[in-house]
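Below: one structure, written as structure tokens.
The values are calculated or read from the model by the stated rules, or taken from the named source; none is laboratory data. Every value quoted in this text rests on a predicted model; they were computed, and no experiment measured them. So basically every Cβ, Gly included, is an ideal-geometry build from the backbone, and we count neighbours across all protein chains shown. Each accessible area value is taken on the protein alone, full model and side chains, heavy atoms only, with ligands, DNA and RNA left out. Shrake-Rupley method; radii C 1.70, N 1.55, O 1.52, S 1.80 Å.
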Amino acid sequence: QVQVTESGGGVVEAGGSLRLSCEATGSAHSIRLMGWYRQAPGKQRELVATISSSGTANYKESLKARFTISNDKDKNTAYLEINSLKPEDTGVYYCTANTGYRNYWGQGAQVTVSV
């Protein structure tokens, strides 16, 4: 079992930056891939970025310029840095941890971008 906990959400002014953290506990040694999804109000959940245990990152193309995913394997933690925040970045950001057998989800972190 893996538990996933997001932190770092909040209210940020447009143009600002934010860093979300995602800590995996439990059988974290079995994680092969961690990822970030987001869900804006009234919209479907979408994949933002993923990072493998070896550090290979992939992004949704339209977000690549402003989003950076990274990880700290010693801390079993993944990060998502968002720059030049826009109101349309508002939503709940979810972290996932994939062991190859199962995908574990966190409860989500609310990000609100104010104008």
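For this structure, a couple of remarks:
- Relative contact order (percent, whole number), the chain, Cα cutoff 8 Å, 6+ residue spacing: 37 percent
- For residue 86, the aspartates and glutamates whose Cα falls under 16 Å of its own Cα, not counting residues fewer than eight places away in the same chain, are 13.
- Rolling a 1.4 Å probe over the protein heavy atoms gives the chain an accessible area of 55 Å² per residue.
- Dipole magnitude (debye, nearest 20) for region 25-115, charges at Cβ of Lys, Arg, Asp, Glu: 180 debye
- Distance between region 38-56 and region 64-115 - C-alpha centres, whole angstrom: 7 Å
- The trypsin sites (Lys or Arg not before Pro) of region 37-97 meeting both criteria, a DSSP state outside H, G, I, E and B (loop) and at most 10 other C-beta atoms within 10 angstrom of the site's C-beta, are 43.
- Charge-dipole axis of region 61-115 as Lys and Arg at +1 and Asp and Glu at -1 on Cβ define it, positive-most pick from 91, 79, 113: 79
- Surface composition of the chain: carbon plus sulfur atoms hold 46% of the accessible area, using a 1.4 angstrom probe and ignoring ligands, DNA and RNA.
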